[in-house]
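Peer 1: I'd like to ask you about the structure that follows.
The values are calculated or read from the model by the stated rules, or taken from the named source; none is laboratory data. Given the structure is predicted, the values throughout are model-derived calculations rather than measurements. All Cβ positions, glycine included, derive from the backbone under ideal geometry; neighbour counts span all protein chains shown.
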Amino acid sequence: MADYGGVEMKKIISTILSILVTVILVVPPVGSELRPVVGLLLFGGAERGSDDHAGAMGGSEILGLYPLIPSWGLQGSLMNQGGIGGYRVGVSAGPVFAYNSGKVGVFGDYVHRNRGDNNFFYLRGVWSHYFKDFDLVLSYSQPVHSIQRTPQTVVDRDVGG
């Protein structure tokens with residue numbers, strides 16, 4: 001039986017890229033310039049473990065945007081997260097294009113997960129369009145790493161239980 005997943009994925013990616021190129025070429029020049037941005041995000045919540053129980057998770061992310069010219073800039077972030085699923089650390093970077101009512105960016109993402117000592121790589125496209133009363137944000141992330149297999153089986157154990 002043939003695997004059509006790759007063909008379908010290529011159609012989806014080419015459609016998204018076609019839409020983005022059309023928006024960039026049709027939309028009038030930038031009405032406002034990119035400005036330097038630095039931000040800190042703290043987050044927390046619950047995540048499900050490999051059993052039926054959930055546990056706490058939390059982390060932080062530092063984000064920065066540096067304009068190169070009025071409509072083009074570089075954006076990057078550093079992330080750390082810990083919880084019942086193990087510890088994750090990540091970095092993301094890529095170019096951002098601003099037009100009069102939105103932004104488009106393409107990013108390379110790397111995440112290291114200590115559980116199983118796995119490394120994950122993604123390509124991520126983000127399109128943000130700003131309307132008068134709301135913002136529309138579309139994002140797509142495509143893994144570009146091979147399947148990760150840990151050399152040893154990872155087993156969750158209750159500490160002190």
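Peer 1: In the stretch 17-41, which residue that is aliphatic (A, V, I, L, M) and at pLDDT 75 or above is surrounded by the most Cβ atoms within 10 Å (Cβ to Cβ)?
Peer 2: Step by step, filter the stretch 17-41, then rank; the result is Leu34.
Peer 1: Need the failing condition index for Leu68 against (1) surrounded by fewer than 16 Cβ atoms within 10 Å (Cβ to Cβ); (2) under 30 Å from Ser18 (Cβ atoms); (3) touching a residue at least 12 places away in the same chain (Cβ under 8 Å), just the number.
Peer 2: The failed condition is (3).
Peer 1: Given Phe131, Phe120, which one is touching a strand residue (DSSP E or B) at 6+ places or on another chain (Cβ under 6 Å) and closer than 30 Å to Ser18 by Cα?
Peer 2: After applying the criteria, what remains is Phe120.
Peer 1: Continuing with this model, one more query. Please work out which one of (1) exposed (fewer than 13 other Cβ atoms within 10 Å of the Cβ); (2) in a strand (DSSP E or B) is the condition Glu61 fails and give its number.
Peer 2: Of (1) exposed (fewer than 13 other Cβ atoms within 10 Å of the Cβ); (2) in a strand (DSSP E or B), only one is false for Glu61: (1).
Peer 1: With the requirement that a residue be in a strand (DSSP E or B) and either buried (at least 17 other Cβ atoms within 10 Å of the Cβ) or in contact (Cβ under 8 Å) with a residue 24 or more places away in the chain (or both), what does the stretch 74-88 give you?
Peer 2: Passing the criteria: Gln75, Ser77, Met79, Gln81, Gly82, Gly83, Gly86, Tyr87, Arg88.
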